[in-house]
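Just below is one structure, and these are the notes that go with it.
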Amino acid sequence: MKKKKGIFSRFLDIVEKIGNKLPDPFILFIILALFVIFISWMCNLFNAIVIHPGTGEELPIKNLASGEGIQFILTSMLDNFTGFAPLGLVLVMTLGIGLAEKVGLLDYAIRKSILKAPPALITYTVVFVGILGNLASDASIVLIPPLAALVFYKIGRHPLAGLAAGFAGAGAGFTANLFIAGTDVLLAGISTEAAQILDENFAVTPVDNWYFNIISVFVLTIIGGLITSRYIEPRLGKYSGEKVVVENIEELPNAKRGFINAIISGLIYIAILVITILVPNSPLTNEDGGLVPSPFINGIVPIILIFFVIIGVTFGITVGKIKSGKDVSYYMSESIKDLTGYIVLVFAIAQFIAYFNWSNLGIWIAVNGAEFLTDINFTGMGLIIAYILLTAFLEFLITSGSAKWAIEAPIFIPMFMQLGYHPAFTQAAYRVADSSFNVVTPLSPYMVILLPIMRRYDKNASIGTYMSLMLPYALAFLITWIILLAIFYYTGIPLGPGITPHL
């Protein structure tokens, strides 16, 4: 007799069915661009106008289906793509971080951090390393959970608890980090494009959420560790599955020496930066000798690029993976290859946002949306929580974080700017929701990867097993992050250098 599914299982089935019917993100943005063209035609037909909140200028909704609109679509297409802020930023960051990943530096650091952790701290180490692992982008989600499961198995603890802790850190904690990562660059670029709908000179930098991210790392590490030890492991009980053959992990020659050399070279680079900042009339500081704003903040992406190139090349030379300049170029090229799907998606995203801006629909929605929310007195932290919950729900339908933010940012950033929220605060709220529920959406491509690993230790493991393991982390991370964001909101603690929740 077939077991009857529960309400939650049936809900997940419905969500998965709907989500699978959505088009590929590239096609989705083409459809959205066409939808913007149609809406601009409709609004223009009814002579819709909006008063620009900054200049006081009366702006009509411009018709993209008109002769002028068609000219804009054709003549701006290349500029929309090549001038899209996140594209260049992400490509540059990938050159550095991708090099460090391809020569094996990030992989070595992740493995050794987990394998060498004291048994008493192993749970928290797994979550902590999982969170920091997003430096290696999606590779961390593939690498850390199975490694954590293996470590738990070897020390006599339930391997599925290790897998869950690793995936919670790498997946649900994906957006937090102690360092500036590719995610910061990608989201900041899209946020800048959205903020410039209202203010063409406004810029969101990759460090604007940095302080919030740093604190999030430690808070989520504690929460993830407690969920694992106090709930997941007691629920799983003592492991009594079949014996698993543990394969020896091959290590690069001189990897330890390479890692030490990479640390030394990185510290030397940081010391040079600090000295350069401290010297009088430093080219990295502003006229008052400060850092906010400054050329240092504005040039943070190239500074980070150089850091990762230095430590990556140092490690690569030591382990023998880099023997000439050609090898450096090769590994950088390989890292860019991994971005081909993103580059294609950016082409469609750039057109969608450009149409939104040119037609003045972005300003119209921002002004009228803000006025409506003010009229019904729905502002403050309650509005932000509602936005977070909406974004968390959308994770069940659209799993791509960049695609979802590209849809939301042009709508919510200008609207919330009208209500006094800094774009970086709106971006932080988005990251909280998107990251937390990253591990429970049934459309996640990582579920397909993790299920076979789970079945090594439990042959009866299913999607239900997966969901029951990861849902507690998703909810705990979301609630904890909302509380943390509220603390920043009410106290005015900077989210990043010189960035407060309010404009």
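The values are calculated or read from the model by the stated rules, or taken from the named source; none is laboratory data. The structure presented is a predicted model; accordingly, all values stated were derived computationally and were not measured. Neighbour counts run over all protein chains shown; Cβ positions are idealised from the backbone, glycine included. Please note that ligands, DNA and RNA were not included when accessible areas were found on the heavy atoms of the full protein model with its side chains. Shrake-Rupley method; radii C 1.70, N 1.55, O 1.52, S 1.80 Å.
Structure notes:
- Any hit, the range 190-200, residues being closer than 19 Å to P501 by Cα, open to solvent by 30 Å² or more (accessible area, probe 1.4 Å) and touching a Ser or Thr at 6+ places or on another chain (Cβ under 7 Å): no
- Failed condition for F396, given (1) under 20 Å from H158 (Cβ atoms); (2) not in a helix (DSSP H, G or I): (1)
- Within the option set F202, F167, being more than 26 Å from G316 (Cβ to Cβ), in contact (Cβ under 8 Å) with a residue 40 or more places away in the chain and outside any helix (DSSP H, G or I) holds for one residue only, F202.
- Among residues of the range 352-399, those that are surrounded by 19 or more Cβ atoms within 10 Å (Cβ to Cβ), closer than 29 Å to I479 by Cα and among the small types (G, A, S), counted: 3
- Count - residues of the range 78-96 that are over 17 Å from L187 (Cα atoms) and open to solvent by less than 30 Å² (accessible area, probe 1.4 Å): 2
- One residue stands out among those in the range 117-172 that are hydroxyl-bearing (S, T, Y) and modelled with pLDDT of 90 or more: the one that is surrounded by the fewest Cβ atoms within 10 Å (Cβ to Cβ), which is Y124.
- Candidates I479, I453, I449, I493: the one that is outside any helix (DSSP H, G or I) and either within 26 Å of R230 (Cα to Cα) or open to solvent by 20 Å² or more (accessible area, probe 1.4 Å) (or both) is I493.
- Single unsatisfied condition, P501 versus (1) open to solvent by less than 10 Å² (accessible area, probe 1.4 Å); (2) within 29 Å of V151 (Cβ to Cβ); (3) touching a residue at least 40 places away in the same chain (Cβ under 8 Å): (2)
- Residue under evaluation I110, criteria (1) touching a residue at least 40 places away in the same chain (Cβ under 8 Å); (2) in contact with a Leu (Cβ under 9 Å, 6 or more places away or on another chain); (3) open to solvent by less than 30 Å² (accessible area, probe 1.4 Å), criterion not met: (1)
- Number of positions in the range 277-304 that are within 23 Å of A203 (Cβ to Cβ), in a helix (DSSP H, G or I) and open to solvent by 40 Å² or more (accessible area, probe 1.4 Å): 3
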